[in-house]
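Notes for the one structure printed next.
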Amino acid sequence: MTGRPDPMVPSVLRIARRIEEMEGVVSLELEAPGGFSFQPGQFNMLYAFGVGEVPISISGDPARTDRLRHTVRAVGQVSHALTRLRPGMELGVRGPLGRGWPLEEVAGGDLVLAAGGLGLAPLRPVAELAVADPRRFRRVVLYYGTRNPATVLWRQEMERWRRAGIRVHVTVDSATPGWQGEVGVVTRLMQPGHFEPAVATALLCGPEVMMRFSAQTLHGLGIPAERIHLSMERNMNCGVGLCGHCQFGPRLVCRDGPVFPLPEVESLMQVRGL
Amino acid sequence: MKARLIDKSGLQWLLDRLGSQGYEVLAPCLENGVVEAGPVTSLEELPAGVEEETEAGRYRLRFDGKEGTDLLFSHALTAMGWQRFLHPSSEPLWRAELRGGALEIQPLPAEAPRRALVGLRACDLAAISIQDRVLAQNDPRYARRRENLFLVAVNCGRAAATCFCHAMGTGPEVKQGHDLVLTELVGGGAHRFLVEAGSEAGAGMLQALPGREPEADDWEEKRARIEAASRQRRRLPEDTGDLLASSLDHPHWEKVGERCLACGNCTSVCPTCFCSRMVERTGLDGQQATHWRLRDSCFDSEHSYLHGGPVRRDRAARYRQWLTHKLHHWQAQFGTTGCTGCGRCITWCPVGIDLTEEVAALEVAA
């Protein structure tokens, strides 16, 4: 029993690159000299010295095990501190934690990705896998909705994904002058004919209300509920099922999730304040 | 050897023996007007003859001991559970140092002294076994403290009014999880203790105890005392889990939410509540920080904080979280209920919310 490594103690990694994605959103690329493998959809607890830890999903290419990427929005104290860190500085990392996307079950079928805002981050590793191995999935569709044109994440990357064969659909809640794309909620992008529902799997990440309606729409378009997966968010403090903060009814989001098949969370999402 | 009958001097011998083996001996004593576990070297420090009168939101001590046979374990429970010896209210996990952008993180060893807990009840042992399910696997700090415990339990001879261990199947008879179990006997005017072992370590200690073989009368008195302690009037319905699962939208949550103060007393005294949060404390030079784990309560508004505000905004949602977790969702998370039937949350609720009554209220259709 004794002598096991303490899952509460972080390792130290150095920041190799810092990318300012948009106002208040920064990607940090960390050097992982020993290699860092993860499943797309998993997260790490990132520690900013003197402030604390927050759960951040891994947003990099899983093939690059020497580089570990996270995309952070400055919301609270810790995430603000993380976005202020500079290349060469060090931070603490605990992970990879949680259950990622069930990619094995998609192999050979259609892959439907639906993201809202920064919810695109944990789906980016999936998109990179699809780009690297075009035969892995049959068709790949990405539906991405965000608040306004200024908050469209990864325009260049999405262009690259498009060229690699991913059908990328983008919408904004409210347009500004010059925006030529779609306006409206992300569910309006989802149309019959984009994918073959009988062989499709959907992966969703974004605000809870966005996921709830996206799941409904995709289910309505014929994707079976058990093949719709959602990345849930709750207040994860320890990341390993010890602290009790991320309870979501019978689930501990950090340990049992963050990715859940729709039938496991559908009824819970209807209850206010759970 | 199956059992041993000892007198008070034999019990004192046991305390001394545990002490000489390097155990810190903790047993019930009177502290701040309540019965509470604390360090003990002599039986004189135990709350002889003291009984507690408990009801929803009420705790009073009275002294009813008859001269010459003051029971050492006449009380029913310690006011707080024993879990603070396993899962302390605050604990430093690691220390960090920052020098010109370079970060160093130094794990801090867990404090895990050898401790003998004397006077635990069946419900207290059930609570430890529940916490084992929750924490022992993933928390090496808990696991180390747990390994260093020697548990001397006591069979209850009476129940407090708030006890409902019998209905929860956790007591009052101690059946598992102990090293030794005592039953305090006074029949025939002789104050004595029937001692049985529940582990190898306990069996070793039993061998050495200065006493004699118990007789039929002793066993009969033990049975009668446990039977007396089994007479409890509170209970939870057998289908409590299903009831809670189908009651998440029940209007009664709003009613109990109006009474609940969200003070967190229930979560402080509950022997299975395990929530904790991490807190960073920085040195004045800005170059050193210590990462602490503090016990936490789901009644705190920060508990469910998610970018911008709490998920559980009102007290109704927080009370529902606590009760449904304890009595239902715990099962899915850890394969056991989270309630032992100790009744502490009933006693220490300042407005007298009684979970057995709240569950009963949910049975009434909305």
- Message: For the stretch B:331-366 and the stretch B:114-161, what is the centre-to-centre distance using only Cα atoms, to the nearest Å?
- Response: 21 Å
- Once normalised by the length of chain B, the mean sequence separation of its alpha carbon contacts under 8 Å that are 6 or more apart gives a contact order in percent of 22 percent
- Query: When the dipole is taken about the Cα centre of chain B, and only Lys, Arg (+1) and Asp, Glu (-1) are charged at their Cβ, what size is it in debye, to the nearest 20?
  - Reply: 540 debye
- Within the stretch B:225-254: backbone nitrogen closer than 19 Å to the B:ALA365 label point (7 Å, Cα to C-beta): B:239-240, B:242-253
- Task: Would you list the P(r) distribution for the protein assembly as shown, with all Cα-Cα distances sorted into 10 Å bins from 0 and each bin expressed as a whole %?
- Result: 3, 15, 22, 21, 17, 12, 7, 3, 1, 0
- Message: What is the distance in Å between the Cα centroid of the stretch A:18-90 and that of the stretch A:225-274?
- Response: 22 Å
- the stretch A:103-270, relative contact order [Cα under 8 Å, separation at least 6], %: 21 percent
- Mind checking the alpha-carbon convex hull of chain B and giving the volume per residue in Å³? 160 Å³
- Note on the structure: chain B: antiparallel bridges as % of DSSP beta bridges, rounded to 5, reads 80 percent
- Report the antiparallel proportion of the DSSP beta bridges in the protein assembly as shown as a percent, rounded to a multiple of 5. 70 percent
- Contour minus end-to-end for B:GLU24 and B:GLU220, with contour as 0.36 nm per residue of separation and end-to-end as the Cα-Cα distance? 67.2 nm
- Using a 10 angstrom cutoff on alpha carbons, build the Gaussian network for chain B and name the most mobile of B:GLN287, B:GLN321, B:GLN333. B:GLN287
- Virtual spin-label span in nm between A:ALA150 and B:GLN137, 7 Å along Cα→Cβ: 4.8 nm
- Inter-label distance for B:LYS175 and B:ASP16, nm, one decimal - labels placed 7 Å from Cα along Cα-to-Cβ: 3.7 nm
- What relative contact order, as a whole-number percentage, does the stretch B:240-363 give when Cα pairs under 8 Å and 6 or more residues apart are counted? 34 percent
- Task: Mind giving me the FRET efficiency for A:GLU159 and A:GLU104? R0 is 25 Å, r the Cβ-Cβ distance, nearest 0.05 is fine.
- Result: 0.30
- Query: What is the extension gain from B:ARG259 to B:GLN287, computed as 0.36 nm multiplied by their sequence separation minus the C-alpha to C-alpha distance, in nm to one decimal?
  - Reply: 5.5 nm
- Note on the structure: Largest fluctuation, A:GLY119, A:GLY24, A:GLY181 only, Gaussian network model of chain A with Cα springs under 10 angstrom, belongs to A:GLY181
- Spin-label proximity, B:GLU111 to the stretch B:9-23 - amide N less than 20 Å from point 7 Å beyond Cα toward beta carbon: B:19, B:22-23
- Item | GNM flexibility winner over chain B from B:ASP296, B:ASP16, B:ASP132 (Cα, springs under 10 Å) | B:ASP16
- Qualifying trypsin sites (Lys or Arg not before Pro) in the stretch B:200-304, DSSP loop, other Cβ atoms within 10 Å at most 12: B:ARG231, B:ARG233
- Query: Quick one: if you stick a label point 7 Å off each Cα along the C-beta vector at A:SER11 and A:SER267, how many nm between them?
  - Reply: 4.1 nm
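Quick note: the coordinates plus some simple rules give every number you see, no bench work behind them. This structure is a prediction, so every number in the text was calculated from the model and none was measured. Cβ: placed from backbone, ideal geometry, glycine included. Neighbour counts: every protein chain shown.
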